[in-house]
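Single-structure report; data block below.
Every read-out reported here was derived from the displayed coordinates using simple, explicitly stated rules and does not represent laboratory data. These numbers come from a predicted model, not from an experiment. For neighbour counting, all protein chains shown are included, and Cβ atoms are generated from backbone atoms with ideal geometry for every residue, glycine included.
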């Protein structure tokens, strides 16, 4: 089948699928998934009759949110049912953080929580007989910052990631420095940002990355979109000058390609949106606190970018 036709059909499947969306009741807790050094909870949604060899997507909530609500309101549960993949939903505990923020800014706790999430992925792949080469991750706010950390700490695990209203990996090393990273943000060179990711010694290939951010976000300054793009283009060995610019549902969209022409970084700048994740209830998702109806569903677009229905 022609590649452009496949993309078109995928979009139609994700937007117009008649399968009714699953609700939060279909999201169940999984215990005993590993040593769990980060003391997180694991929730999962698996469509009925899911065949082996399908993808796994990890979706990480923001502060004050929970796993089931985030998975449902962003549209990820609905998309898992429609496109047939396992959805893993890590959940922070108030014993770790009173606001239920993932700890993306701590030299000790960040690796611990990251290992817990990695153990969730391993359990999900094993239980579903999933394709280990098709594992993806996305997250909002603190979950977005933790998504960037997962891509840096476990790059061989993930094929791609989507950071929504998040921050570059390695921006903060303490709660105090986390606030200045959030707003106004930290301005480093692309090489300095890239070196923080490369410090783990992984030789590549690296996950591709998409970055979503509202221009009116005063919680996590939208300057972090630029810094994230600089970090991950440098990791991929390309410059931070977009190869193409267009619009998606009227919002600026930029694509950064490597020397082979592969889109390795994409940015979606949501004009006028504050802190949150974009949704479009006609396509997927439901407006809720920090889940914003802007007539563009970030999860749905990301699912298309990742060709999850194939």
FRET efficiency, 1/(1 + (r/R0)^6) with R0 51 Å, evaluated for residue 295 and residue 30 via beta carbons: 0.90
Added length on full extension, which subtracts the Cα-Cα distance from 0.36 nm per residue, residue 241 to residue 218: 5.8 nm
Three-way shape label, segment 133-246, alpha-carbon gyration tensor, a/c 1.5: rounded
Within a Gaussian network of the chain (alpha carbon springs, distance under 10 Å), most fluctuating of 152, 178, 124: 178
Rounded to 5, the percent of DSSP beta bridges in the chain classed as antiparallel: 45
Segments 238-247, 260-269 sorted - mean Cβ within 10 Å per residue, highest first: 260-269, 238-247
Segment 239-306 shape via C-alpha gyration tensor axes, a/c threshold 1.5: prolate
Rotationally averaged projected area of the chain (alpha carbon convex hull; nm²): 14.6
Residue-span extension gain [residue 50 to residue 94] - 0.36 nm each, minus C-alpha spacing: 12.5 nm
Whole-Å distance, taken between Cα centres, linking segment 239-310 and segment 187-232: 16
Mean separation of Cα contacts under 8 Å (6+ apart) over length of the chain, as relative contact order %: 18
DSSP beta bridge pairing in segment 23-91, given as percent antiparallel to the nearest 5: 75
